[in-house]
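Everything below concerns the one structure shown next.
The values are calculated or read from the model by the stated rules, or taken from the named source; none is laboratory data. Everything quoted here is computed from the prediction, not taken from an experiment. Neighbour counts run over all protein chains shown; Cβ positions are idealised from the backbone, glycine included. We work out accessible area using only protein heavy atoms, side chains counted, and drop any ligands, DNA or RNA first. Shrake-Rupley method; radii C 1.70, N 1.55, O 1.52, S 1.80 Å.
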Amino acid sequence: MWSWDAFFSILTSTQLLEGAWVTIWLTVVSMILGLVLAVVVAVARSSKFLPFRAVSGFYVWLMRGTPLLVQLVIIYTGLPQVGIKLGVIEAALLGLVLNEAAYLSEIVRSGLLSVPTGQTEAARALGMSPTKVFRVVVLPQALRVMIPPLGNSFNGLLKTTTLVSVISVQELLRRTQFLVQVNFRVLEGLCAAALYFLLLTTLWGLIQKRLEVRAGRGYDRNYRRKGRTDMAALDDSVIDAEAVNR
């Protein structure tokens with residue numbers, strides 16, 4: 001039968017708190033490194049150089065077409081057979097980063113492609129450098145498209161970290177399994193772990209909402225405070241170009 005005492009004992013256990021912390025930092029680090037790799041892959045997939053497109057396309061196809069659980073086991077048990085030995089944390093990070101980057105690369109690529117080419121062409125016509133075009137014109141507009149799916153990916157990654165328990169990473173689910181083996185309270189332990197994940201995803205949902213609101217503000221505040229900017233001039237040039245096309 002259900003035991004509230006066992007449930008609250010597991011819920012307030014320091015082992016579960018430590019496991020939740022491992023889950024959090026594992027998610028954050030995997031997301032950051034995965035996003036960096038995703039940008040590289042997205043740029044490679046958009047490259048005019050065929051080998052770059054082929055390699056990056058094969059990577060995305062492979063990572064998205066095979067289960068993360070299988071990838072983790074191969075990394076942890078297969079790499080030592082070719083002389084590459086990784087600890088459980090390193091293997092978990094490598095598996096999560098490689099898998100997540102494949103999905104994030106598609107989000108990044110779609111975000112960059114969502115910016116009309118007329119915007120970049122007009123910016124170059126104004127004499128902006130490629131770096132400034134990306135920073136001032138492309139990135140702000142692409143972020144508005146990318147933030148919602150990136151936020152959803154982070155939310156999913158929080159729960160996906162449970163898979164690294166199969167290679168003995170002491171994250172939230174693994175700690176819960178230990179407590180269940182001690183207390184023989186499976187339902188209470190899993191409900192306590194589920195409550196932790198619900199709390200973490202809810203907190204992230206609030207953060208994501210703030211990020212989306214902030215990204216949606218655009219340049220209105222800077223425009224009012226500083227007057228005409230490069231972006232304002234760019235908008236005028238685009239309007240003029242559209243008028244000519246008509």
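When you scan the stretch 68-78, how many residues do you find that are open to solvent by 60 Å² or more (accessible area, probe 1.4 Å) and either at positive phi or touching a Leu at 6+ places or on another chain (Cβ under 6 Å) (or both)?
The number of residues fulfilling the criteria is 1.
Could you figure out which of (1) open to solvent by 80 Å² or more (accessible area, probe 1.4 Å); (2) part of a helix (DSSP H, G or I); (3) under 22 Å from Gly111 (Cα atoms); (4) not hydrophobic (A, V, I, L, M, F, W, C) isn't true of Gln81?
Checking Gln81 against (1) open to solvent by 80 Å² or more (accessible area, probe 1.4 Å); (2) part of a helix (DSSP H, G or I); (3) under 22 Å from Gly111 (Cα atoms); (4) not hydrophobic (A, V, I, L, M, F, W, C), the one that fails is (3).
If you scan the stretch 181-196, which residues turn out to be out of contact with any Gly (no Cβ under 9 Å at 6 or more places or on another chain), open to solvent by less than 70 Å² (accessible area, probe 1.4 Å) and not small (Gly, Ala, Ser)?
Glu188, Cys191 - these are the residues of the stretch 181-196 that are out of contact with any Gly (no Cβ under 9 Å at 6 or more places or on another chain), open to solvent by less than 70 Å² (accessible area, probe 1.4 Å) and not small (Gly, Ala, Ser).
Please give the number of the condition Val43 fails out of (1) over 22 Å from the mean Cα position of the chain (by Cα); (2) closer than 26 Å to Leu113 by Cβ.
(1)
Being surrounded by 15 or more Cβ atoms within 10 Å (Cβ to Cβ) and without any contact (Cβ under 8 Å) to a residue 24 or more places away in the chain is the filter here, so list the residues in the stretch 84-97 that pass it.
Leu86, Leu94, listed by residue number.
In the set Phe154, Phe178, which member is within 16 Å of the chain's Cα centre (by Cα), surrounded by 15 or more Cβ atoms within 10 Å (Cβ to Cβ) and aromatic (Phe, Trp, Tyr)?
Phe154
So for the stretch 98-114 (the condition being at pLDDT 90 or above, within 22 Å of Val22 (Cβ to Cβ), open to solvent by 30 Å² or more (accessible area, probe 1.4 Å) and not aromatic (Phe, Trp, Tyr)), does at least one residue qualify?
Yes - at least one qualifying residue is present in the stretch 98-114.
Filter the stretch 15-67 down to the residues that are of a type in the set (Phe, Trp, Tyr) and assigned to a helix (DSSP H, G or I), then identify the one that is least open to solvent (accessible area, probe 1.4 Å).
Per the stated criteria, the residue is Tyr59.
Confirm whether Ala193 is modelled with pLDDT under 90 and either in a helix (DSSP H, G or I) or within 16 Å of the chain's Cα centre (by Cα) (or both).
No.
How many of the residues in the stretch 121-135 are assigned to a helix (DSSP H, G or I) and crowded, with 18+ Cβ neighbours inside 10 Å?
Residues in the stretch 121-135 being assigned to a helix (DSSP H, G or I) and crowded, with 18+ Cβ neighbours inside 10 Å: 3 in total.
Look at Leu33 and say whether it is among the hydrophobic types (A, V, I, L, M, F, W, C) and more than 13 Å from Gly189 (Cβ to Cβ).
Yes.
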